[in-house]
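Presented below is the structure to which this report refers.
The values are calculated or read from the model by the stated rules, or taken from the named source; none is laboratory data. Just so it is clear, the model here is predicted, and its values are computed rather than measured. Cβ: placed from backbone, ideal geometry, glycine included. Neighbour counts: every protein chain shown.
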Amino acid sequence: MVSDVHGNARDLARAGEGADALVCLGDLILFLDYADHSRGIFPDLFGVENADRLVELRTARRFDEARELGSRLWSGVDGDKAQLIEGAVRRQYAELFAAFPTPTYATYGNVDMPPLWPEYAGPGTTVLDGERVEIGGRVFGFVGGGLRTPMRTPYEIGDEEYAAKIEAIGEVDVLCTHIPPQVPELVYDTVARRFERGSRALLDAIRRTRPRYALFGHVHQPLARRMRVGATECVNVGHFASTGRPWVMEW
């Protein structure tokens, strides 16, 4: 199990060694590395100093100023913004999807661009969102993306649409999502010093359907990496971009 890969293709190529399958819970793209501001699409386009400033504004939750900075920088670029970003994303996707072993089961993160995935997912990669699949005799359900935030990342959807995907899955043994359930200990990032958005509908579904595991990522440095909610073991499988280590499930 991996999540929040954010461009770490080198370790991703080894993540499935010795396993029957790899499960990826999204956020393949690296737009800006908050630990190393020289890495990602943004500093490639605008330089490290502007990346430093953007991180400073976002960390301070000054999102309007962060958007103004971005608008000002893009206004000086020669070329179409959407095409430039898509070109950079495509280069990352080509490398990352090539690193997936067979079989891989994957869903989208909030910074991913789902319309591009069919072009890069090979026959050994199954992409699921609001869908179920059997792996090793257990039923896994997948819900990708995130809920809307001031960050306005590419794959954020409304609460009702997200809840409908959870409802479509029904009862499963392992519930796989990108974002965590709305539990304070699971959504608080101790380094960013803020609460990320979790899902109340996901928490309600865990309490109602009682899967054996609820697995997710999204929060890079959570206050709690795992805890029980009723009968369910809730596990943040880790910030793979920085650790390079998968979380292993055995049965």
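Being farther than 30 Å from Thr190 by Cα and either hydroxyl-bearing (Ser, Thr, Tyr) or in contact with a Ser or Thr (Cβ under 8 Å, 6 or more places away or on another chain) (or both): is that true of Tyr108 here?
no
Being of a type in the set (Val, Ile, Thr) and surrounded by fewer than 18 Cβ atoms within 10 Å (Cβ to Cβ) is the requirement here; does Thr243 meet it?
Taking the combined requirement at face value, the residue satisfies it.
Test of understanding: among Tyr105, Tyr162, Tyr188, which residue is surrounded by 14 or more Cβ atoms within 10 Å (Cβ to Cβ), touching a helix residue (DSSP H, G or I) at 6+ places or on another chain (Cβ under 7 Å) and of a type in the set (Ser, Thr, Tyr)?
Tyr162
Considering each residue of region 37-76, count those that are farther than 16 Å from Thr153 by Cα, surrounded by 13 or more Cβ atoms within 10 Å (Cβ to Cβ), of a type in the set (Gly, Ala, Ser) and in contact (Cβ under 8 Å) with a residue 12 or more places away in the chain, and give that number.
Result for region 37-76: 1.
For region 192-215, enumerate the residues that are more than 18 Å from Thr149 (Cα to Cα) and either of a type in the set (Lys, Arg) or out of contact with any helix residue (DSSP H, G or I) (no Cβ under 7 Å at 6 or more places or on another chain) (or both).
Matches in region 192-215: Leu203, Asp204, Ile206, Arg207, Arg208, Thr209, Arg210, Pro211, Arg212, Tyr213, Leu215.
Just to check your reading of the model, which residue among Gly141, Gly124 is among the small types (Gly, Ala, Ser), in contact with a strand residue (DSSP E or B) (Cβ under 9 Å, 6 or more places away or on another chain) and surrounded by 17 or more Cβ atoms within 10 Å (Cβ to Cβ)?
Gly141
Mind checking whether some residue in region 77-85 is in contact (Cβ under 8 Å) with a residue 12 or more places away in the chain, over 18 Å from the mean Cα position of the chain (by Cα) and loosely packed, with under 15 Cβ neighbours inside 10 Å?
yes
Just give me the residues in region 11-36 being of a type in the set (D, E, K, R) and either part of a loop (DSSP other than H, G, I, E, B) or modelled with pLDDT under 95 (or both), in sequence order.
Arg14, Glu17, Asp20, Asp27, Asp33, Asp36
Could you say which residue among Leu28, Leu22 is over 25 Å from Glu86 (Cβ atoms) and of a type outside the set (S, T, N, Q)?
Unique residue meeting the criteria: Leu22.
Kindly indicate which of Thr107, Thr102 is in contact with a strand residue (DSSP E or B) (Cβ under 6 Å, 6 or more places away or on another chain) and hydroxyl-bearing (Ser, Thr, Tyr).
Testing whether each residue is in contact with a strand residue (DSSP E or B) (Cβ under 6 Å, 6 or more places away or on another chain) and hydroxyl-bearing (Ser, Thr, Tyr) leaves just Thr107.
With the requirement that a residue be under 17 Å from the mean Cα position of the chain (by Cα) and surrounded by 19 or more Cβ atoms within 10 Å (Cβ to Cβ), what does region 165-185 give you?
Lys165, Ile166, Leu175, Cys176, Thr177, His178, Ile179, Pro180, Pro181
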